[in-house]
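For reference, the structure is listed below as structure tokens.
What follows is calculated from the coordinates using simple rules that are stated; it is not laboratory data. All of these numbers come straight from a predicted model, not from anything done at the bench. Glycine also receives a Cβ, built like all others from the backbone with ideal geometry; neighbour counts cover every protein chain displayed.
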Amino acid sequence: MFLQNSYENRSLIQNILRSTIWVEIIKKECYIASKFQEFFKLYLKVYSMSSNKYLSQMENWSKEDLIRELQKREEENIALKNQLQMMKNSENDNNTIPSSVKELNSFAILPKVCSELSKEEVARYSRQLILPELGPSGQKKLVAASVLIVGCGGLGCPSAIYLAAAGVGCLGLIDYDTVEKSNLHRQILHTEKRIGISKASSVGMSVKALNSNVDIIPFDVSLTSETALQIIPKFDLVLDCTDNVATRYLLNDACVIANKPLVSGSALRYEGQLTIYHLGGGPCFRCIHPKPPPPETVTNCSDGGVLGVVPGVIGCLQALEAIKVITGMGSTLSERLLLFDGLQGMFRTVKLRSRKNTCEVCGDEPSITQLIDYEQFCGAKATDKDKGLRVLQKHQRISVMEYKEIVDRKTTHILLDVRLPVELEICSLPNAVNIPLKDIKKLENITTIREMLSSLQTQKIYCLCRRGNDSQLAVSALQEELQGDYDIRDIVGGLTEWSHKIDSTIPIY
Ligand SMILES: [Zn+2]
């Protein structure tokens, strides 16, 4: 049962009370600044918080600080209320899902042997049972199968729901993350009410509501070199529904070592790809990509954007491939790569190379026989959280607070926003000049910048982007191209940091 323990229940309600009081206190403070300390002291007295350090910090807070704190506390409050509601719902629901697995040595998959389909199963699966290629024998294989879905996002949601609908007996669901509002346009099994709760549990609840026969094992953990081989060997098949290079290599190597097929999907902007690795003597991911790409060339959905329906299409196809592997129907995408172009409405399939005898992990004499440090190997994080580039030296960067002072002092400068024009339509700072990073080295743009510097009689350029990654690359590019005695810096953390620290009316996207 989801958070069934009454102690957890009580402590959750206490947290909500605390959080609500915070929200109320800070709301009042926004209007009655002088009374704030009294409210806060009263709060401390009533709830016996011993945080005098916090109190002394808050005495110096500005109205902007308080508004930010208020937003943070309100979001926390909504997330806690959602958790409580979920808990109440699960108490009234017979089809509850198990608590998320946090200790990996404590989970087991109960083997399902399906000798006969029950009357209920025949009725439920009747439309696919009458397909000659599947039939009752194929359905029994599905009921006895266990599939691990790594990533409960845009690809994981459609895969999970179709595999559950088709009757796959056990689904393992891995995701370290919690549901956020920006997930909902593509991660369609989560709901507004589940913002703040574990994605693995959220997908589990949706899946269980559709087909209560399916065993659900949600894992609230990151897949790491330590955890992967504790989980993967227990499942028949793995779906890679993640979106970063380090996890692709980790999953690939773990699946080769554990000898499991890996159905690999990806989606970005309007395009998707799909293939199966390590199946029936076919290649693995390393056979095709022995070396990881440079981290700065890799774009994920958070940076590049994605139309929600595109991972929807690829995720459904991942479920289809999994069903074919389990039942032995048709021909799979092993040794082939399916390419989907959503804008043109086109599918293409290209032949992939066959297994490489010299592959480091699946070759005849593999050099990788245990899992390595994949973040180090790829030079990139295995999560899209805190994906900060460090290209520039400290003296080439300024903080949002320092830039605010420059604006307030009216120091002459050029503010160069290097995002795409569509992003400036979402939000921008006054007087920003827009030259997207990809066009920054073009001669006409360099000429324009030189002319602006000369007409404003300034040497100062501040580059701005969404999170402070592209702005660093822009500074490096401009230093190369302008070749003069200029003061070119980037604004650390970009508009996101500006929204957090300076102006909370700027939307974060
Ligand atoms: Zn290989």
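Relative contact order of segment 394-501: 35 percent, from C-alpha pairs under 8 Å at least 6 residues apart in sequence.
Across every pair of non-identical alpha carbons in segment 394-501, the mean reciprocal distance, once inverted, gives a Kirkwood radius of 13.7 Å. Relative contact order for the chain: 11 percent, from Cα pairs under 8 Å spaced at least 6 residues apart, divided by residue count. Peptide packing: for 130-137, 192-199, the average count of neighbouring Cβ atoms within 10 Å per residue gives the ranking 192-199, 130-137, highest mean first. With K and R counted +1 and D and E -1, the other residues having a Cβ less than 12 Å from that of Ile435 yield a net charge of -1. When DSSP beta bridges are restricted to pairs lying wholly in the chain, around 35% turn out antiparallel.
Length gained on full extension, Asp65 to Gln479, computed as 0.36 nm times the residue gap minus the Cα-Cα distance: 145.5 nm. This ranking places Val422, Val143, Val309 by how few other beta-carbon atoms lie within 10 Å of each, fewest first, which gives Val422, Val309, Val143. Our summary gives segment 96-378 a relative contact order of 19 percent, counting only alpha carbon pairs under 8 angstrom and 6 or more residues apart.
Lys and Arg at +1, Asp and Glu at -1: add these up for the other residues within a Cβ distance under 10 Å of Pro366 and post the number.
Numbers: positive: Arg286; negative: Asp253, Glu360, Asp364, Glu365.
In short, -3.
The angle between the Cα long axis of helix 470-482 and the main principal axis of the chain comes to about 60°, on a 0 to 90 degree scale.
Straightening the chain between Asp215 and Leu17 buys 67.8 nm, computed as 0.36 nm per residue apart minus the Cα-Cα spacing. For segment 438-455, the residues whose backbone nitrogen is under 16 Å from a point 7 Å from the Cα of Leu389, taken along Cα to Cβ, are 438-442.
Fewest-first ordering of Trp498, Trp61 by other beta carbons within 10 Å of each residue's beta carbon gives Trp61, Trp498.
Can you show me the helix-derived [θ] at 222 nm for the chain, built from DSSP H runs with n ≥ 4 at -39,500 (n - 2.57) apiece and divided by the number of residues, rounded to the nearest 500. Kindly include the intermediate steps, with their values, before the conclusion.
Details: 20 runs with 218 residues, N = 509.
Taken over the chain, the calculation gives -13000 deg cm²/dmol.
When each of Ser302, Ser11 is scored by the number of other beta-carbon atoms lying within 10 Å, the sequence from fewest to most is Ser11, Ser302. Compared with the dominant principal axis of the Cα atoms in the chain, helix 245-258 is inclined by about 20°.
Based on the Kirkwood approach, the hydrodynamic radius assigned to the chain is 25.9 Å, with every pair of different Cα atoms included.
Between segment 246-312 and segment 133-196, what is the separation of their alpha carbon centroids in Å? Using only Cα atoms to place each centre, the spacing works out to 18 Å. The residues neighbouring Leu239, those whose beta-carbon lies less than 12 Å from its own, together hold a net charge of -2 under the Lys/Arg +1, Asp/Glu -1 convention.
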